[in-house]
Structure formats: structure tokens, C-alpha cells
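Here's the structure we're looking at; comments come further down.
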Amino acid sequence: MTLLPFDTAAAETYTERLVSAAEWASTWVVVPAFNEGRVVVDTIGSLRAVATNIVVVDDCSSDDTALQLDGMSVTVLRHAVNVGQGAALQTGIEWALRHGALYLVTFDADGQHDPHDISPLLTTLIDQRLDIVLGSRFRGQAIGISRTRRLLLRTALAFTRLSTGLPVTDVHNGLRAFRATAAPALRITQDRMAHASEILDHIARARLSWAEVPTTVRYSGYSVTKGQTSLGAIDILFELLFGRLRR
Amino acid sequence: MILFRLVLLLLTGAFMLYFLVLVRRSAIKRLFVAAFFGTGAAFVLMPELANRIAWFFGIGRGADFVFYLSTVFLFFLVFNIYLKFTALEARQTQLVRELALRHPSQEPGAESVA
């Protein structure tokens with residue numbers, strides 16, 4: 001654990017201050033959404049209570065995800081065809097960059113994240129002058145996580161540590177904050193699920209400065225059915241391997 | 001046998017012409033196509049050649065050698081198509097992204113256009 005750039009001493013100082021209104025004004029929260037009609041209003045509603053700029057990217061949902069957001073004060077972009085979560089994230093990131101974002105936050109639409117975790121992420125990013133701050137459920141809390149899910153994530157973690165050399169404690173956590181200046185280096189080309197590992201790849205390759213902040217991930221019955229199955233890990237592995245061949 | 005060879009040669013020639021016309025952009029690909037069909041034609045005209053090459057590689061028959069060669073070639077082709085396909089997907093993503101960015105279906109404060 002001493003390998004980690006984010007030691008416990010720093011962890012105690014990061015929550016000291018709140019994110020200022022000016023900082024919120026230059027922050028965009030990017031929410032990729034695919035068939036989240038049942039929960040998207042709750043997720044965005046709770047996010048709205050803390051964040052100023054929110055862009056939801058509807059990856060051509062077949063349900064009423066986009067309609068549910070009608071009247072909420074958020075930007076909604078809709079993909080004309082379904083291209084994947086990684087692609088949706090990148091679309092939202094481009095939007096944020098074109099609208100003057102200095103800081104960007106990625107946030108999952110299924111309600112597994114706690115919006116109040118964004119604040120420590122942002123203050124750590126800003127005060128410690130880092131390129132990117134990653135949320136870690138294993139430094140924080142993983143409520144309702146199943147044994148198989150934990151095992152799956154540990155396996156993915158071992159693979160990622162090996163391939164990137166980054167001493168991270170969590171992978172595939174959708175909650176992160178990064179600077180607009182780091183966005184070009186972080187550009188997502190993995191359209192589907194491998195983007196989370198790809199981001200870590202980019203961090204290692206571009207030698208970005210980074211830290212992890214404890215976050216809470218809440219596994220509801222809903223997010224579990226929506227999330228990856230254990231076989232998903234194998235899919236991600238293949239996407240990464242073949243993605244590498246392509247580069 | 002003569003007729004069979006003649007038909008094979010004609011087919012090979014026709015395919016070669018077709019692909020040479022089709023592959024307009026790169027000289028390397030044209031050379032590759034010509035070499036591939038040229039080899040095919042040579043094997044049709046001189047089956048002994050295939051046998052001799054096969055023996056050289058320690059393979060029993062020329063037909064087996066041709067079969068292995070075609071397997072390798074087909075694998076190469078499939079891989080090539082896979083690469084093309086992923087490149088095409090990346091372009092599709094770019095298009096979809098640009099479209100979404102240009103026409104937001106909802107913006108805060110503005111009337112909904114969704």
C-alpha cells in the first residue's frame with residue numbers, strides 16, 4: 001500500500017474544503033446512459049443537487065431514457081446508433097471541452113455512485129495539481145457487492161496492474177475527475193467496455209499524475225442486472241488485446 | 001483433365017483481372033494479387049511444381065501444400081477484414097459523435113427539441 005501515491009495523510013486533508021461555485025461552473029459532469037429509463041431521473045436529480053453542468057449521452061437507448069430527462073436542466077446528446085459506453089463517454093467529453101470545461105467528471109447513470117463523492121475528487125484534483133483522480137470502491141465502500149463481483153474485479157485489477165504498472169486499487173470504477181488539459185492524452189478509442197482499462201493505459205503511457213480517492217459504490221438489484229456479468233471480463237480482455245494489435 | 005485445367009486457368013485469370021481492377025489504390029496490393037493468382041496459375045499448369053515444393057517442406061502431396069497455403073492466406077484475409085471492419089466502426093463512431101454534438105436533443109434553459 002505504500003506504493004500508492006495517495007497516502008492516508010493526504011486522504012485526511014482532501015475533504016477539508018468544498019468545491020467553490022466558480023469551480024463547479026468550470027466543471028462538466030459526463031454521464032453515459034444506455035437503457036437507464038428506470039433510474040436516470042433519480043441519478044440526474046441527485047447529481048443536479050451538487051453539479052452545475054451535466055451532459056447526459058444517451059447511447060441510442062431503446063427505452064425512454066432521453067424522454068425521462070425532459071424538463072431537467074441538463075444537456076442531453078443522443079447517439080443516432082448504439083456505439084458503446086466508451087464512445088458515449090468520449091462524446092460527452094468532447095461536448096464539455098467545446099463548452100469551456102476546465103475539469104471533467106465521469107459518472108455512471110445507473111445510480112451506483114454517490115454524487116457527494118465528486119467533491120473530494122475535484123478538490124484533490126485541483127489542490128494537488130493532478131491530471132486525473134480516480135474513484136476507488138476498495139479504498140472506500142462497495143455496498144452490497146457480491147463475492148463473484150469482488151473476485152472478478154480483483155482479477156481485472158491484477159491484470160491491469162500487470163499491464164500498466166500502475167498500483168491502482170480499483171478498475172472499472174466509472175467515477176473519475178480529470179483536467180481538460182489531460183483530455184487529449186486520455187482520448188477513448190475503445191468504444192465498448194474496455195475503455196476503463198484503456199484510460200489506465202493512457203495514464204501510464206502519457207505519465208499523467210494521478211491519485212485515488214475513496215468512493216462508495218452501491219450495488220442495488222438494479223445495477224447488478226444492468227452491470228457486467230463475470231464473462232464480461234473475458235470480453236474486455238479480448239477488446240483490449242485486439243485493440244492493442246490495431247494500434 | 002485438359003478441360004479442367006483450362007476452366008481453372010480461365011477462372012484464375014478472370015478473378016485476377018477483377019481484383020486488379022478492383023484494387024485501384026495500392027501498387028503493393030496489386031503485386032500481391034498478381035503473385036497470388038500467378039502462383040495459382042503456375043500450380044494448375046505444373047502440378048509437379050506443387051509436389052516438389054511440398055516435398056521440400058516435408059509435406060506429402062502438392063495438394064496438401066496448396067491446402068495449407070490457402071488456409072494461411074484465408075486467415076490473413078480474415079484478419080485483414082477484421083482490421084478494416086474495426087476501422088470502419090471507428091469512423092461510424094466519429095460520425096455518430098459529430099451528429100450528437102451538433103444537434104443536442106436537449107439543452108438546459110432551451111425548449112426541448114427531442
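Throughout, read-outs are computed from the coordinates displayed, never taken from laboratory work. Remember, it's a predicted structure, so these values are computed and weren't measured experimentally. No Cβ is skipped: glycine too gets one built from the backbone with ideal geometry, and neighbour counts run over all protein chains shown.
Contact map, segment A:70-89: residues that are more than 7 Å from every other protein chain (Cβ to nearest Cβ) paired with residues that are among the aromatic types (F, W, Y), Cβ distance under 9 Å, separation 6+ or inter-chain. Pairs shown: A:N82/A:F34; A:G84/A:F34; A:Q85/A:F34; A:A88/A:F34.
The set of residues in segment A:89-127 that are farther than 13 Å from A:T215 by Cβ and touching a Gly at 6+ places or on another chain (Cβ under 8 Å) contains only A:D110. Among the residues of segment A:94-116, those that are outside any loop (DSSP other than H, G, I, E, B) and surrounded by fewer than 21 Cβ atoms within 10 Å (Cβ to Cβ) comprise A:E94, A:L97, A:R98, A:P115, A:H116. Quick one: would you say A:A87 is under 16 Å from the mean Cα position of the chain (by Cα) and of a type in the set (G, A, S)? When the stated conditions are applied, A:A87 passes them. Considering B:F65, B:F73, the condition of being more than 29 Å from A:H79 (Cα to Cα), touching a residue at least 24 places away in the same chain (Cβ under 8 Å), within 30 Å of the chain's Cα centre (by Cα) and more than 7 Å from chain A (Cβ to nearest Cβ) is satisfied by B:F73 alone. When A:D59 is tested against (1) over 13 Å from the mean Cα position of the chain (by Cα); (2) surrounded by 24 or more Cβ atoms within 10 Å (Cβ to Cβ); (3) within 12 Å of chain B (Cβ to nearest Cβ); (4) in contact (Cβ under 8 Å) with a residue 40 or more places away in the chain, exactly one condition is not met: (4).
Looking at segment A:146-154, can you tell me whether even one residue there is away from chain B (no Cβ under 14 Å), in contact (Cβ under 8 Å) with a residue 40 or more places away in the chain, in contact with an Asp or Glu (Cβ under 6 Å, 6 or more places away or on another chain) and surrounded by fewer than 22 Cβ atoms within 10 Å (Cβ to Cβ)? No: zero hits.
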